[in-house]
Each structure stands twice: as C-alpha cells, then as structure tokens.
Amino acid sequence: MEEIKPSLMNFLSGEDFFEKILVVESFSYLEELREKFSAAEIFFVTANEDFFSDAAKIFYLDYREERLPFPEEFFDAIIGDLTLEVVTNPQDIAAGFSKYIKQTGCWLTSFRNIRHWKVLEKLMRGAFGGIVSRLYTRTEFERLLYASFYKEVNFLPLKKKSPPKFLERLLTCGFDNFDDDLQTEFWLVRASRSMPELALLKSMFTSEVRAEFSRIIHRIEYDIATEDSVKNFWRLFDAEKIFPDYAAAFIRSVVVHRENFWRNMKKFSARAELEEIIDEAESLYDFDTGNRLL
C-alpha cells in the first residue's frame, strides 16, 4: 500500500488502549505501533510472501479475496491505508472488517479523493489512468461506512494545494469547495463500531452482563413480570457492583418508553439509589432535548 503522510497514527490518543491490533498491508505502521502499544498483540496481513517482520504475527493472504482467519470481535483496531482502493465490492470489505472489530473498537484507513484538483486536471486533459482504482468523495465514503455498521466516522484531510489560477478556474466552472475539498488529496478516516458514550458503557462490563441488564430493563419497560423484573434489576445491580451513573447512562441508551419504565421502577423499588439514577438519567435527557423524563 502507498505510504500516506501524515499517518493514521494521528488518530490515536492517550485514551486508546489496544490489546489486539490488525495491520492490513501497511507495514510502515508496525514498528510505531509496537513502540506505542508495547503490551499489545499485533497481527499483520499481507499478500507479499517475501515480507517478514518480528514486530507482528504475520498472515500471508489477500484480504480482498480471502476470509480473515480470526474470531469475530477480536481486534481493538484494524489499521491500513487505501484498503478500499483496489477492491471489487468495497462495502463487502468494510462490513467484513467491522465483524472483526470489538464493539469498542475502530478501523483506521484512508482514501484518495476523486474531487482533488489533480484528479480533475487529469480528467480535463483526458489523461486519467486510474481505471483499476476506486476513488471516492468524502460523502460517498461516509455513506458506505454507515451502511457497513459503523456508528461514528471522523475525517482528517491530507492536502496538496492547487495553483491559485487553476482553483479559481474550477470555482468559476461551478465546482463547490466545501471543507477545502478540492485541495484535499487524501482523506484519513477513523470509523468506530460505537458512539463514544456507548463505547465507554460497553467497556465496563462483559457482553453477557450487558445483555442480561438490557433484557431485564426491557422487561420492566414493557410490563413483563414487572415486580420480579425490578427485583432482578437490583439483584444484578448489587451482584455486578453497577454504580448509579452507569445504570443511568445504560437506561438512557436502551429504553424507548422512559415514562413507563420509571413509573414501574418507582412503583416496585424501595432503594435509595433509584432517585440518584433518575436524577442522572433526567439530566442526560434534559441536556439532549430540553425535556423532562417525568
């Protein structure tokens, strides 16, 4: 893969804690990732059987044609430049990668911008030769990612400035230049499986605990064995040492019929923590919409 600078490493922050990382063809990231995440397991997929590095566990295969030999939701991050540039069906690859990423994980990649002035200049001269490559607009790539089960997408531009007269010519011809798109040669992308606040929720307890908590909450919401369901709510709350702020945020994320849920909780609960949970959930709701829950 072509080396892109500035690199996808610019998307990583001190808050990222990766235990398992997959690098796709972009070998230039291996040493830097090994240095930044010294305790992580790093895996590298490449079709180049002559490549070797002791910075990662190497798997020789073509990710465009072969299924990756890993369990689902195995990686905290998948990293690779231009991974959708030379593929038959880009959404198949994007959605396929998402299956291997944890609910709290992300995919870092990049793509060549078809609206960059150099591409347009070649087209105007009839000299464009990128027939086997897929070029994307930012809007198209973003739509593709949301259709492939990613919940949040962030972009960074990699720019190469146009000669002023040529940019002026494009604008005169009617080309929009939103976000200075005509001078962005590559877009760097971070696509996350979950919204940040939900990723935080998912990181605190196991998927089994979250699934059970969600099931109980929905039973309360929809009046299913309500009194027993409320008792089970507090039983799990105590057993797993769930704290009120977490319970409030979790309820906020899964409950649709909030008024009925809180009515049932208040009817069958005698716990002091309930008011704290309600106050926190109400403040979250009020912050987003300006409305009260109750």
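The values are calculated or read from the model by the stated rules, or taken from the named source; none is laboratory data. Being a predicted model, the structure only gives us computed values, none of them experimental. Cβ: placed from backbone, ideal geometry, glycine included. Neighbour counts: every protein chain shown.
Residues are listed down the side, and each one gets a yes or a no for (1) hydroxyl-bearing (S, T, Y); (2) surrounded by 15 or more Cβ atoms within 10 Å (Cβ to Cβ); (3) modelled with pLDDT under 85; (4) in the same structural domain as D16 (by TED's automatic domain parsing):
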position	(1), (2), (3), (4)
K165	no, no, no, yes
L170	no, yes, no, yes
G174	no, no, no, yes
D181	no, yes, no, yes
F186	no, yes, no, yes
S192	yes, yes, no, yes
- Item | Residue under evaluation D223, criteria (1) assigned by TED's automatic domain parsing to the domain that holds L84; (2) loosely packed, with under 15 Cβ neighbours inside 10 Å; (3) touching a residue at least 12 places away in the same chain (Cβ under 8 Å); (4) farther than 30 Å from A94 by Cβ, criterion not met | (1)
- Of residues in the stretch 96-107 being touching an Asp or Glu at 6+ places or on another chain (Cβ under 7 Å) and assigned to a helix (DSSP H, G or I), the one surrounded by the fewest Cβ atoms within 10 Å (Cβ to Cβ): K99
